[in-house]
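Remarks on the structure that follows.
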């Protein structure tokens with residue numbers, strides 16, 4: 001029997017992108033922002049006017065990395081240093097794994113339902129923009145998610 005799981009919807013991703021764009025504007029930096037679903041596939045992406053072309057793939061790959069490893073990319077960075085348990089992990093998955101901050105998994109009731117990735121500023125700014133995206137879903141708000149079986153459900157967002 002196929003397993004079903006919850007995932008971010010396009011509406012969720014649009015709300016996240018809007019909040020992330022507002023945070024990026026507060027820094028005065030044009031950003032690339034990506035949101036992926038529970039399977040690590042791109043739902044939505046925005047490249048603000050003037051955002052670095054080289055950051056497009058970084059934003060997308062940060063989101064995918066956060067989802068496929070179920071960890072913030074900043075956490076992977078700490079574990080991927082020389083002598084640490086994940087040293088060299090950035091060479092896996094066709095070299096698309098990003099091991100610096102800006103990719104964060106999105107959790108709902110203890111399950112990862114997607115991830116966000118941002119790129120353009122410092123690592124700290126990238127993390128702040130990604131966190132703003134997640135915060136847009138609301139700490140106690142309900143958001144609509146679609147399970148892979150196609151059923152609608154209302155899940156509580158938990159960070």
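The values are calculated or read from the model by the stated rules, or taken from the named source; none is laboratory data. Everything numeric here is computed off the predicted structure, so don't read it as measured data. Methodologically, a virtual Cβ is constructed for each residue, glycine included, from the backbone with ideal geometry; neighbour enumeration extends over all protein chains shown.
Miscellaneous remarks
- Any hit, the range 45-63, residues being over 14 Å from residue 119 (Cβ atoms), touching a strand residue (DSSP E or B) at 6+ places or on another chain (Cβ under 8 Å), in a loop (DSSP other than H, G, I, E, B) and at pLDDT 95 or above: no
- Given (1) more than 18 Å from the chain's Cα centre (by Cα); (2) modelled with pLDDT under 85; (3) not in a strand (DSSP E or B), index of the condition residue 159 fails: (1)
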